[in-house]
Amino acid sequence: TIVSGGDDGTVRLWSRSGQPIANPFIGHQGVVFSVALSGNGQTIVSGGNDGTVRLWSRSGEALGTPFTGHQGGVWSVALSGDGQTIVSGGIDGTVWLWSRSGEALGTPFTGHQGAVNSVALSGNGQTIVSGGDDGTVRLWSRSGQPIANPFIGHQRVVFSVALSGNGQTIVSGGNDGTVRLWSRSGEALGTPFTGHQGWVWSVALSGDGQTIVSGGEDSTVRLWEGSPQGWLRGACEQLREHSVLRDPDSSFEPAVAWRARRVCEREVWGVGK
C-alpha cells in the first residue's frame, strides 16, 4: 500500500499496481506536505499547510477531528509502528506528540531555531528525531527531553531525517548535498556520503539500519551501505591503489599502515582468512 499527498489538498491511497484504493481523502485546506502509514496499513496520518494533522482510515474516513496546535504549516508527520502515536513538526519550529484521539502528549518540543522540516519516530514510539532550518538534527525522548546535544555537521538546512527500527541509528540529508549517519549520542558514523549534485530532499533507512536511500535535487535516487562493514569496504577500496597500502613501509607510520592493510585484507578482500 502506498499513500501520497499533494498540492491539490488530497491524500490518496494506492495499490502496488497503481490502482486507487477508495476515493481521495478530502479535508485539508491547501497543500498536503507529508503523509505516513501505520505498519499494518490501516491508519494514515497527514499534515498540511492549514496547520492541521489529520488521521484517516483506509476508506478515507476521518478518524476524529483535526489535530490543532501548530502555528503555521505542518511540514512533516510520522506514525509509530502500532499506529498509536503521531509526531509532527512544522514551520513554527516545534515538534508535537499526539495520541490517536488528537490529544497532545505533553507540551511541544522546542529547541530548533527555525522551521522543523522533518520528523521520525522509532518503532516503539519512544524516540523522536527531528531536523530543521538551523542545520541541526535533534533526538528527543517521548517526554520531550533532549537525548544528547544537537547533532551538528550539516552546513545549513536539514531537509530529511529517518530512524532505524530500534532507534539506534539516525540518517539525515540536507542542502549541503550530503547524507549523514549518526549514533544516538550524536557521533558521526563514518564520513558524510557524497555524490548528490545539489540538495538532498529525502532520506530513508531500512529497519536494520544497514541500507540508506536518498533522493535529491539532481533527480537521482541513491542507495548506500550504512553498516560499519560498508564504510570499511569503501575506505579499503579507496586505498587499494594508494601507496600507503601498496607499500606500507614507505608510509609516515609504517606500523599503522601495515595494520590497516591487514584489516582490509582480512575483513574486505578475504585474504589470509
query: If you place +1 on the Cβ of every Lys and Arg and -1 on the Cβ of every Asp and Glu, how big does the dipole about the Cα centre of the chain come out, in debye to the nearest 20?
result: 600 debye
statement: re the chain: pairs of Cα atoms spaced beyond 33 Å account for a percent value of 28 percent
query: Relative contact order of region 19-168: what whole-number percent is it, with Cα pairs under 8 angstrom and at least 6 residues apart?
result: 15 percent
task: Under 12 Å from the Cβ of Gly167, count the other residues' Cβ atoms, weight Lys and Arg +1, Asp and Glu -1, and hand me the total.
output: +2
- request: Give the long-range amide H neighbours of Thr43: residues separated by 5 or more places, or on another chain, with amide H under 5 Å away, using H modelled in the peptide plane at 1.01 Å from N.
  value: Ser38
task: Note down the net charge around Phe33, summing +1 for each Lys or Arg and -1 for each Asp or Glu among other residues with Cβ under 11 Å from its Cβ.
output: -2
task: Using Cα pairs closer than 8 Å and at least 6 residues apart in sequence, work out the relative contact order for the chain, in percent.
output: 8 percent
- request: Collect residues whose amide H, placed 1.01 Å from N in the peptide plane, falls under 5 Å from the amide H of Thr136; neighbours closer than 5 in sequence don't count.
  value: Val158
- prompt: Counting Lys and Arg as +1 and Asp and Glu as -1, what is the net charge of the other residues whose Cβ lies under 10 Å from the Cβ of Thr1?
  reply: +2
statement: In order over region 106-113: 3J(HN,Hα) from phi, Karplus 6.51/-1.76/1.60, θ = phi - 60°, whole Hz, x for each Gly or Pro, gives x, 8, x, 7, 10, x, 5, 9
statement: Among trypsin sites (Lys or Arg not before Pro) in region 74-183, those in a DSSP loop whose Cβ has at most 10 other Cβ atoms within 10 Å are none
statement: Rounded to a whole number, the Stokes-Einstein D of region 1-117 in µm²/s (Kirkwood radius over Cα pairs; 4 °C; 1.567 mPa s) is 93 µm²/s
field: Of Gly60, Gly30, Leu205, farthest towards positive along the dipole that unit charges on Lys, Arg, Asp, Glu beta carbons give the chain
entry: Leu205
field: Between 0 and 90°, nearest 10: helix 228-239 axis offset from the chain longest Cα axis
entry: 50 degrees
- prompt: Do any GluC sites (Glu not before Pro) in region 118-225 lie in a loop, going by DSSP, with at most 12 other beta-carbon atoms within 10 Å of their beta carbon, and if so which?
  reply: Glu187
query: What ranking, highest mean first, results for peptides 36-44, 143-151 when packing means the other Cβ atoms within 10 Å averaged over each residue?
result: 36-44, 143-151
- line: The set of residues whose placed amide H lies less than 5 Å from the amide H of Val31, leaving out same-chain residues fewer than 5 positions away, is Asn49
- line: If one builds a Gaussian network model of the chain from Cα atoms under 10 Å apart, the most fluctuating residue listed among Glu103, Glu253, Glu237 is Glu253
message: Using the Karplus curve 6.51 cos²θ - 1.76 cosθ + 1.60 with θ = phi - 60°, what ³J(HN,Hα) values do you get for each residue of region 31-37, in whole Hz, with x for Gly and Pro?
response: 4, 9, 8, 8, 9, 8, 10
field: Separation between Cα centres of region 1-30 and region 116-161, rounded to whole Å
entry: 27 Å
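Values in this text are rule-based calculations from the coordinates and carry no lab data. For clarity, every value in this text was computed on a predicted model and none was experimentally measured. Here the Cβ is made from the backbone with ideal geometry for all residues, glycine too, and neighbour counts use every protein chain on show.
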